[in-house]
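Novice: I'd like to ask you about the structure that follows.
We did not get these values from a lab; they are worked out from the coordinates using the rules stated. Note that the coordinates shown come from a computational prediction; the quantities given were computed from them, not determined experimentally. FYI the Cβ positions are ideal-geometry reconstructions off the backbone, even for glycines, and counts take in every protein chain you see.
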Amino acid sequence: MLLPKKNNSNVDFLIIGQGIAGSVIALALIKAGYSVSVINNSQLSSSSKIAGGIWNPIVFKRLTKSWMADDLVPELISFYEYWEKEFNTTLIHQRKIIKPFTEEQEKKLWLKKANDPELENIFLDSQTYENLNIDEHYSVKSYSKVLHAGNLNVPHFLECTKNHLTDTQQYTEEEFDFNQLTVSDTDINYKTITAKNIIFCEGYLISKNPYFKWIPMKPAKGETLTIYSKHILLTRDIFNKGFFIMPLGDNLFKVGATYEWEELNDLPSEKAKNYLIEKINSVISTPYQIIAHEAGVRPSVIDRRPVVGNHPEHKNIFVFNGLGTKAVMIAPYFAKQLVHALQNNNRIDEDVNPSRFI
Ligand SMILES: Cc1cc2nc3c(=O)[nH]c(=O)nc-3n(C[C@H](O)[C@H](O)[C@H](O)COP(=O)(O)OP(=O)(O)OC[C@H]3O[C@@H](n4cnc5c(N)ncnc54)[C@H](O)[C@@H]3O)c2cc1C
């Protein structure tokens with residue numbers, strides 16, 4: 001077990017934000033032996049709080065591997081499993097994703113890709129299946145499965161991380177006030193805290209950050225429903241037919257998600273609710289109850305890559321953001337890369353470095 005840190009006034013890293021980004025980088029730094037202090041206002045917008053938490057190594061549109069899936073998937077499993085042991089709890093569920101075929105052509109393409117050793121043979125099941133009952137009335141005639149997918153229980157992960165940080169006096173619940181920040185070449189000072197470095201992880205609220213608001217973000221609002229049904233027969237696998245239904249246990253299912261680029265706020269909308277209801281009704285004709293309807297804003301970057309690294313003019317000011325639609329999958333790998341870069345004085349990959357926009 002890691003030794004608790006008792007004083008958060010003098011630390012290696014001050015971290016702003018405790019969504020998936022802030023949590024993952026805080027834990028990666030703690031594991032590497034650094035001291036951290038995390039400031040987060042849990043009343044502000046948080047995409048992580050409502051995320052499905054799914055990792056999916058396949059891009060369905062083109063039936064190709066998603067960016068860096070071969071590296072990201074093993075790293076995410078090793079990261080979350082490590083913290084499962086530390087927190088003595090379950091954080092991830094490895095699952096398959098059921099992909100129904102609507103046309104014969106789709107099935108042919110799937111089989112071609114799944115049987116090509118150079119392509120997707122690790123992630124695409126090379127068998128196809130028939131007749132899967134989703135409820136008493138609807139069955140999928142023909143389908144296959146994405147392998148090595150799953151989900152992180154994000155609310156539980158955030159709660160465990162916050163509890164760990166609070167127990168070790170590394171967490172402050174407040175809105176970060178930029179007027180109280182002073183930066184020199186050697187130190188970061190904020191109220192009573194002196195840090196060697198600061199890492200900003202504010203999700204789409206990066207638009208308010210004077211050091212990084214120039215990063216070209218393209219945030220996307222998304223909404224999910226949580227429904228209760230005794231009739232849905234999915235027990236473990238995630239169902240995906242342009243939207244997802246994920247079993248949460250106890251007859252609860254998370255359904256998502258929508259995309260909206262204009263109205264960026266975390267207020268649930270009737271339009272998105274109706275869209276998701278229409279999707280559910282296309283595969284389920286038995287009764288269900290809507291238990292929750294939530295909205296959040298995904299912090300996506302215009303080139304769809306994360307932004308990880310230091311400010312071009314300040315070596316001690318970092319950003320860890322731009323996790324877009326794939327935070328669960330991307331965060332552990334790039335947190336590790338950032339920690340390695342710090343330890344070895346390496347440069348972060350140009351693909352994700354904020355300097356790519358200069
Ligand atoms: C509907 C929906 C479904 C999704 N499903 C998935 C999925 O299945 N799989 C997946 O991998 N990703 C999914 N995502 C994307 C994922 O949620 C995001 O990429 C991820 O949560 C971003 O994490 P973050 O920590 O960067 O930002 P956030 O989660 O937004 O966290 C930012 C944190 O910073 C805090 N903060 C901001 N400014 C300040 C300040 N000034 N002072 C103090 N605190 C501050 C906020 O309160 C918040 O806690 C989904 C997103 C949506 C909207």
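Novice: At 7 Å along Cα-to-Cβ for each site, give me the label-to-label distance between Ser285 and Leu44 in nm.
Specialist: 4.9
Novice: In what sequence do Trp67, Trp261 fall when counting other Cβ within 10 Å, fewest first?
Specialist: Trp261, Trp67
Novice: Let me ask another. Round to the nearest 0.05 the FRET efficiency obtained for Lys273 and Asn189 when R0 = 41 Å and r is the Cβ-Cβ distance.
Specialist: According to the calculation, E is roughly 0.35.
Novice: Where a Cα-Cα gap under 17 Å defines reach, which aspartates and glutamates qualify for Lys96, not counting those fewer than 8 residues away within the same chain?
Specialist: Counting by Cα, and skipping residues close in sequence, Lys96 has these aspartates and glutamates nearby: Asp70, Glu120, Asp125, Glu130, Asp237.
Novice: Order by neighbour count: Ile284, Ile238, fewest other Cβ atoms within 10 Å first, most last.
Specialist: Starting with the residue having the fewest Cβ neighbours, the order is Ile284, Ile238.
Novice: Another one. Evaluate E = 1/(1 + (r/R0)^6) for Gln105 and Asn179, where r is the Cβ-Cβ distance and R0 equals 51 Å; express this FRET efficiency to the nearest 0.05.
Specialist: That gives a FRET efficiency of 0.30.
Novice: Oh, and also: Quick check on the exposure proxy: order Ile290, Ile92, Ile245 from fewest to most C-beta atoms within 10 angstrom.
Specialist: Exposure proxy ranking, most exposed first: Ile290, Ile92, Ile245.
Novice: Distances longer than 20 Å among the Cα atoms of segment 223-285: what percent of all pairs is that?
Specialist: Roughly 26 percent, once rounded to a whole number.
Novice: Over the Cα atoms of segment 58-205, compute the convex hull volume and normalise it per residue, giving Å³.
Specialist: In segment 58-205, the Cα convex hull volume per residue is 201 Å³.
Novice: To one decimal place, what orientation-averaged projected area in nm² is obtained for the convex hull of the Cα set of segment 155-241?
Specialist: The Cα convex hull of segment 155-241, projected and averaged over all directions, gives 10.0 nm².
Novice: Moving on to the next point. For Lys218, go through the aspartates and glutamates and keep the ones whose alpha-carbon is under 16 Å away, minus same-chain ones fewer than eight residues off.
Specialist: Cross-link targets: Glu202, Glu260, Glu262, Glu263, Asp266, Asp303.
Novice: Could you give the radius of gyration (one decimal) and Dmax (whole number) of the Cα atoms in segment 1-142, in Å?
Specialist: Answer for segment 1-142, Rg first and Dmax second: 20.6, 63 Å.
Novice: Another one. Can you list, bin by bin at 5 Å, the percent of alpha carbon pairs in segment 96-147, starting at 0?
Specialist: 5, 22, 29, 22, 12, 6, 2, 1
Novice: Under 24 Å between alpha carbons: how many lysine pairs meet that in segment 107-166, if sequence neighbours fewer than 8 apart on the same chain are excluded?
Specialist: Final tally of qualifying lysine pairs is 8.
Novice: Principal axis lengths of segment 13-58 from Cα atoms, whole Å, largest first?
Specialist: Principal extents (largest minus smallest coordinate, Cα): 34, 29, 9 Å.
Novice: Run the Debye formula on the Cα coordinates of segment 267-319, all scatterers equal and no solvent, and tell me log10 I(q)/I(0) at q = 0.17, 0.24, 0.26, 0.30 1/Å.
Specialist: Reported log10 I(q)/I(0), two decimals: -0.72, -0.99, -1.06, -1.16.
Novice: What is the Rg over Rh value, at two decimals, for the chain, using alpha-carbon atoms and the Kirkwood definition of Rh?
Specialist: 0.99
Novice: Could you grab the relative contact order for segment 272-358? Cα pairs under 8 Å, six or more apart, rounded to a whole percent.
Specialist: Relative CO of segment 272-358 lands at 26 percent.
Novice: If you stretched the chain out fully between Lys61 and Gln94, how much longer would it get, using 0.36 nm times the residue separation minus the C-alpha to C-alpha distance?
Specialist: 9.6 nm
Novice: Can you figure out the FRET efficiency of Ser207 with Gln169, using R₀ = 45 Å and their beta-carbon distance, to the nearest 0.05?
Specialist: Working from the Cβ atoms, E equals 0.90.
Novice: Express the relative contact order of the chain as a whole percentage, based on alpha carbon pairs under 8 Å and six or more residues apart in sequence.
Specialist: Computed value for the chain: 23 percent relative contact order.
Novice: Also: Below 8 Å between Cα atoms, with a sequence gap of 6+, how large is the relative contact order for segment 1-134 in percent?
Specialist: Dividing the mean separation by the residue count of segment 1-134 yields 16 percent.
Novice: Please report, in whole Å³, the volume per residue of the convex hull around the C-alpha atoms of segment 165-297.
Specialist: About 172 Å³ per residue, rounded to a whole number.
Novice: In segment 47-125, how does Rg compare with the Kirkwood Rh, expressed as the Rg/Rh ratio over alpha carbon atoms?
Specialist: Here Rg/Rh amounts to 1.05.
Novice: Same structure again: Between their Cα atoms, which of Lys99/Lys221; Lys65/Lys254; Lys99/Lys254; Lys65/Lys85 are more than 28 Å away from each other?
Specialist: Lys65/Lys85
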